[in-house]
Amino acid sequence: MPNQEQAEYAFQWALENIVDARNDQVLILHVRSRLPGLAGLALSRRGSEGPAATAAADASHKLLARLAAALEPAERVNVVAESLAASDPRDAIIHRLQRASETVSTVLVVGSRGLGSVARSLMGSTSDYLVRNSSVPVIVVRQQE
């Protein structure tokens, strides 16, 4: 998945350039989109997740496990990994950052898909939104092709 590739690249960049894993707490946050119109379709009568939602959650958890495994075993003690489903992932990230910044100084590192100006205008850019609305500094990392 292209978004996962960007997430992995941004995480690796952060580890190599700004994270001191012995002293920093690393929050790995993966927010998957839950479309408002389809939310009811993903739930059964008992409230359990349907197959599509379960598959998305499993993929998210595997991504988080891969990212957390990139740290040396002795350094993993400072890793917090969270997977969320939200109707608007951008707002979920902002909300989670607000909770984190109450206790620690933070910086947000995000990947960028490199949308062109037309696609960014039509679809919106998560990284642009986060830069404009985050209460903490944001570093946008784009993988060179």
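A few comments on the model shown:
- Near pairs, Cβ below 6 angstrom, 6+ apart or cross-chain, from segment 83-98 (within 22 Å of L67 (Cα to Cα)) to any residue that is part of a helix (DSSP H, G or I) and of a type in the set (F, W, Y): R90/Y129
- Counting only residues that are at pLDDT below 65 and not in a helix (DSSP H, G or I), segment 1-44 holds 4 of them.
- Residues in segment 100-121 that are at pLDDT below 75, assigned to a loop (DSSP other than H, G, I, E, B) and open to solvent by less than 70 Å² (accessible area, probe 1.4 Å): V104, G114, L115, G116.
- Residue check, L97 touching an Asp or Glu at 6+ places or on another chain (Cβ under 8 Å) and either modelled with pLDDT under 65 or open to solvent by less than 30 Å² (accessible area, probe 1.4 Å) (or both): no
The values are calculated or read from the model by the stated rules, or taken from the named source; none is laboratory data. Computed from a prediction, not measured in an experiment: that's the story for all the values here. No Cβ is skipped: glycine too gets one built from the backbone with ideal geometry, and neighbour counts run over all protein chains shown. These area figures cover heavy atoms from the full protein model, side chains too; ligands, DNA and RNA do not enter into them. Shrake-Rupley method; radii C 1.70, N 1.55, O 1.52, S 1.80 Å.
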